[in-house]
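The values are calculated or read from the model by the stated rules, or taken from the named source; none is laboratory data. Remember, it's a predicted structure, so these values are computed and weren't measured experimentally. Because the Cβ atoms are built from the backbone with ideal geometry, glycine has one as well, and the counts that use them run over all protein chains shown.
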Amino acid sequence: MKLAVWTYEGPPHVGAMRVATGMHNMHMVLHAPQGDTYADLLFTMIERRNHRPPVSYTTFQARDLGADTAGLFKSACQDAYDRFQPEALIVAASCTAELIQDDPGGLAETMGLPVPAIALELPSYQRKENFGCDEAFLQICRSLAKPMDRSERVTCNILGPTALGFRHRDDVAEITGLLSEMGIEVNVAAPMGAAPSDIKRMGAAHFNVLLYPETAESAARWLEKEHGQPFTKTIPIGANATRAFIDEVRALSGSTLPVDESRLRQPWWAASVDSTYLTGKRVFIFGDGTHVMAAAKVARDEMGFEVCGMGCYNREQARPLRALAKEFGLEALITDDYLDVEAAIEQAAPEMILGTQMERHIGKRLGIPCAVISAPVHVQDFPARNSPQMGFEGANVLFDTWVHPLVMGLEEHLLHMFREDFEFHDDAGPSHHGGHAPRADTSAPAAPAAAAEGASMAPPDASPQQVAAAHENVVWLSCAERELKKIPFFVRGKARRNTESYATEKGLNEISVDTLYEAKAHYAR
Amino acid sequence: MNTPAPTGCRDTPVLRERGQREVFCGLTGIIWLHRKMQDAFFLVVGSRTCAHLLQSAAGVMIFAEPRFGTAILEEKDLAGMADANTELDREVARLLARRPDIRQLFLVGSCPSEVIKLDLSRAAERLTAEHGPNVRVLNYSGSGIETTFTEGEDACLAALVPALPQTQARELLLVGALPDVVEDQALNLLEQIGIAPVRCLPARRAEDMPAIGPNTVYALTQPFLGETHAALTRRGAKRITAPFPFGAEGTTLWLKAVAAEFGIAPEKVDEVVAAPRARAEKAIAAAAATLRGKRIFFMPDSQLELPLARFLTRECGMEAVEISTPYLHADLHGPELDLIAKGPVISEGQDVDLQLDRVHATRPDLTVCGLGLANPLEAEGLATKWAIELVFTPVHFYEQAGDLASLFARPLRRRELLARQHPARMEAAE
């Protein structure tokens, strides 16, 4: 038993729903108690879908448990087929139905439905949402994808996009365009946008483009083994990775067509003098493994940031992430407990977080700007405009979204020069954000109470006390404390941390104004 | 107006359906209960699905201050490798050590904990003995197999009743979790009418929980409190029968029924409420201009459907096509049925596909439904009102009557504003 307050991933059947909901002419019958239909609103509200997810629930209640829940499942299955006439059905059980062991797969098989009924085993008490996506897509491919001749022209499948995916809609459009520029047609993009009849003809593609290992790696591996289709290993997030992806696709396809880079602005935007202030910004990166690994490379190599911490919530990606973190000289944080993540961020005191919606809230609490790079998703992660993460336009989007939460370069100087200005002061925050307010209005925000509340929820061994304890022999003299307050808020955390580390290193137990500036000189770059 | 109108719906045959129910489970009530009871923590003993539901239903609005959590059952808890009770005791001890501000801890049963027959009432007794008297541990079930949406609050309040102290005092008890501002308005009106002291269930803090006894009379402020009503009756308390305090008319009838119980004449009530009632009627009239003559269809959700349909048909001039409730409690909902003119289909339970067929056939001007159905219906050109907003927004008594009416008017007004761009609105995700 484990206490969870907020979770990064839903249960595995929600993952299977993401696969089914992305598809056409597929229907899912979920053996589940009343109340599990809440999952519909994820799709209709967060993603603003205009159709109900294609899912029928048995919604059994206590009175049904003593009677015939298996019969209830069969009638739900038959009703769903009769009403929706899908090309194929997925049948599965949610956590409660797993306990009553009705075996939806076996029941559906006995019904003699005229379409394939694909049974999913989703161990709800061991696995989570991403597993549910990956497993559902694998089983759909296994049941439906038939061996067939390769298409005459070089084609590929795109694997991984699902409903409720982080920018999947825009990534697929961007990569489809890139492939088309290279003379490669997309045979099938799946699961999102594909019908069961499309899955059947996946074997016609020459290779696969795996965009999201979280949701489709098992299917990619199975297609490689059974259908002899190699798949791309590079995730085209960032300018460098997109170029590497193009090289990989050229090797797989033999394409020699040139790719137009004139739309790619990110490298110049990062190199132009206005971006100098980004140099060495310390960033903490957390999310799903794939997006974190890609973001870490972009942060270091394309933005000139310093990555001071990275981790992921899906342990399926733990191994490659640990290896990459080691390359960065870091220890990866693999956890799905957001309190651990909060404690790690607090300790690392980054100047910026690249994270999920959870880290956005952690950032709010700690006063650290945050850009969102990964699921779990929020209604804000489905913008009306085109906003891919992948390909050359994706690289442009990354630059804009990562820079947006920060105080801009010239403004940094203004804050240094005119600290007591009515407009440019500590409590105002970046001037291009809504929170920019006159000082008098920001005197009593709710944040301290919330932070206290959050801290009191932290496990005793991972709370802010530990941060203090690391330097418990170091005392700030009041003059130094006052001097520290003169440093603008967005670098103050870094200055405090550096000074304390410096003092500890030097065996000092008091920090004076001199210590502060000695530390500043010590860390100067 | 107090006597059953000959045209009321009390005798209308009820359409009872069983099929897929597109409703929340009772765990959802934690979202507002944890706000109301400021020193309580709600610990769901359940699965990742339960945690995900609470997170999804709560959104990220209350991220900063969670006074609820889920003890997620894992494989080893089910396979008997770990004693679930030992695990639970450990998690509770850790939680209470971290949160010394907690005075009441609710162990909330879920579908999985009910199915594996984890006995949370014994666990609550054991944990009260261990952590009392500072912390009182209670339990109830918010599982979907036993409770539908607002029935979670009912189960929670019913679990409080046996633990309430005994009194012989003749006191009025208001039952139902109301936003503090609304509760204060009600207490103020009752005081002016001459009824005091008045107690509330639930109280905002553990030490203020009311005492009850054979001289207690109580008035429900919410229509979904059937179990709490039964539990209070078992303690000898007596219910005041009245329509629920929604709208100017409902609030007046409710106050007069309470006043009558205390021997206060209706004229006194009229005198006290004249000003707020006039304000409410004025505010309702503004929204009613949009609502008058429009046809409304209620999908089952919160058991608020009958009182709200009564308000909208009688005070806002709407016509009800179908009024559906997850559970029709004849005793509690009877006074509402008496006031609703014959005509609408009254239905209980749900087969969502069949019900959507009726929505498509009747094409109402406004459909009240859950969040899972709202955008799909909007995309078909049918205006909707999210039902969940009706339980999250202050809507009771005079000062909120205009807000309540405008909750229904807003989607219609918005539609009119966007009418010229209608084709663009259909560009939703496929």
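Structural remarks
- Residue match in segment A:252-271 (condition: touching a Lys or Arg at 6+ places or on another chain (Cβ under 7 Å) and under 28 Å from residue A:368 (Cβ atoms)): no
- Selection of segment A:308-347 for residues being within 17 Å of the chain's Cα centre (by Cα), free of Cβ contacts under 8 Å to residues at least 40 places away in the same chain and not in a helix (DSSP H, G or I) yields A:310, A:311, A:312, A:332, A:334, A:335.
- Residue in segment B:155-167 that is within 14 Å of another protein chain (Cβ to nearest Cβ), at pLDDT 95 or above and under 30 Å from residue A:100 (Cα atoms) present: yes
- For the condition more than 14 Å from every other protein chain (Cβ to nearest Cβ), within 29 Å of residue B:184 (Cα to Cα) and buried (at least 20 other Cβ atoms within 10 Å of the Cβ), residue B:321 does not qualify.
- The set of residues in segment B:311-364 being at positive phi and of a type in the set (D, E, K, R) consists of B:363 alone.
- For residue A:276: the one exception among (1) assigned to a helix (DSSP H, G or I); (2) within 20 Å of residue A:359 (Cα to Cα): (2)
- When residues of segment A:357-376 are limited to those that are in contact (Cβ under 8 Å) with a residue 12 or more places away in the chain and within 11 Å of another protein chain (Cβ to nearest Cβ), the one farthest from residue A:290 (Cα to Cα): A:365
- Set B:328, B:304: member being touching a strand residue (DSSP E or B) at 6+ places or on another chain (Cβ under 6 Å), in contact (Cβ under 8 Å) with a residue 24 or more places away in the chain and closer than 16 Å to residue B:154 by Cβ: B:328
Results for (1) crowded, with 21+ Cβ neighbours inside 10 Å; (2) farther than 15 Å from residue A:392 by Cα, shown as yes or no for each residue.
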residue	(1), (2)
A:209	yes, yes
A:212	yes, yes
A:215	yes, yes
A:221	no, yes
A:225	no, yes
A:232	yes, yes
A:236	yes, no
A:241	yes, no
A:250	no, yes
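- Of the criteria (1) closer than 26 Å to residue B:269 by Cβ; (2) under 22 Å from the mean Cα position of the chain (by Cα), which one residue B:153 fails: (1)
- Evaluation of residue A:121 against (1) surrounded by 18 or more Cβ atoms within 10 Å (Cβ to Cβ); (2) in contact with a Gly (Cβ under 9 Å, 6 or more places away or on another chain) (one fails), failing number: (1)
- Members of segment A:344-378 that are of a type in the set (Lys, Arg) and in contact with a Cys (Cβ under 7 Å, 6 or more places away or on another chain): A:360
- Number of positions in segment B:61-84 that are at pLDDT below 90 and either farther than 24 Å from residue A:8 by Cβ or touching a strand residue (DSSP E or B) at 6+ places or on another chain (Cβ under 8 Å) (or both): 6
- Residue count for segment B:76-92, restricted to those that are surrounded by fewer than 23 Cβ atoms within 10 Å (Cβ to Cβ), of a type in the set (A, V, I, L, M, F, W, C) and in contact (Cβ under 8 Å) with a residue 12 or more places away in the chain: 2
- Residues located in segment B:125-136, provided they are within 24 Å of residue B:76 (Cβ to Cβ) and buried (at least 20 other Cβ atoms within 10 Å of the Cβ): B:127
- Of all residues in segment A:348-377 being assigned to a loop (DSSP other than H, G, I, E, B) and within 11 Å of the chain's Cα centre (by Cα), the one that is nearest to residue A:8 (Cα to Cα): A:376
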